[in-house]
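Heads up, the thing below is written out as structure tokens.
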Amino acid sequence: MKKVEIGEVVEGKISGIQQYGAFVRLENGEEGLIHVSEVREGYIAKIGEEFSVGQLVKVKVIDIDPYNGQISLSTRALQPSKMRRERRRFWTSKSVKIGFKGCEEELKKEIEKRVAKSKRIG
């Protein structure tokens with residue numbers, strides 16, 4: 001059987017469950033671990049509620065340790081992200097449409113006001 005590679009999506013059967021993750025026996029006979037953080041987004045209180053021994057799962061190979069050959073798997077990587085949202089950035093106030101021309105006028109007014117104030121003081 002061929003060895004799995006990082007990025008590959010494969011099927012396997014849950015062979016064991018621990019509080020830190022689930023062990024998966026892959027189609028080619030190798031075994032990997034789905035760490036609890038790679039099951040799905042969000043907090044998981046009990047991994048036993050997510051998987052059961054003997055259950056067939058589709059997983060993505062996210063890492064293979066070059067020294068000991070341990071395979072890290074993920075079901076989370078196959079799911080669309082609900083937590084990541086596109087961020088919109090506004091460099092000026094989104095409710096006030098003044099642009100650069102308006103800024104220039106406001107700056108002139110502010111300078112005049114400060115000059116007048118400094119003349120009164122000094």
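For the range 19-43, a residue qualifies if it is more than 15 Å from Gln70 (Cα to Cα) and hydrophobic (A, V, I, L, M, F, W, C), and the qualifying residues are Val36, Val39. The requirement of being within 25 Å of Ser81 (Cβ to Cβ), touching a Lys or Arg at 6+ places or on another chain (Cβ under 8 Å), modelled with pLDDT of 90 or more and open to solvent by less than 60 Å² (accessible area, probe 1.4 Å) is satisfied by Val10. Does the range 48-57 include one or more residues that are open to solvent by less than 60 Å² (accessible area, probe 1.4 Å) and in contact with a helix residue (DSSP H, G or I) (Cβ under 9 Å, 6 or more places away or on another chain)? No: the range 48-57 contains no residue that is open to solvent by less than 60 Å² (accessible area, probe 1.4 Å) and in contact with a helix residue (DSSP H, G or I) (Cβ under 9 Å, 6 or more places away or on another chain).
Checking the range 22-32 against the condition returns a match, with at least one residue being under 23 Å from Lys2 (Cα atoms) and of a type in the set (Val, Ile, Thr).
Criterion applied to Val96, Val115 was being among the β-branched types (Val, Ile, Thr) and either part of a helix (DSSP H, G or I) or modelled with pLDDT of 90 or more (or both), and the one residue passing it is Val115.
The values are calculated or read from the model by the stated rules, or taken from the named source; none is laboratory data. Remember, predicted model here, so these are calculated numbers, not experimental data. Ideal geometry is used to build each Cβ from the backbone, glycine not excepted, and the neighbour counts take in all protein chains shown. Side chains included, ligands, DNA and RNA excluded: accessible areas come from the protein's heavy atoms. Shrake-Rupley method; radii C 1.70, N 1.55, O 1.52, S 1.80 Å.
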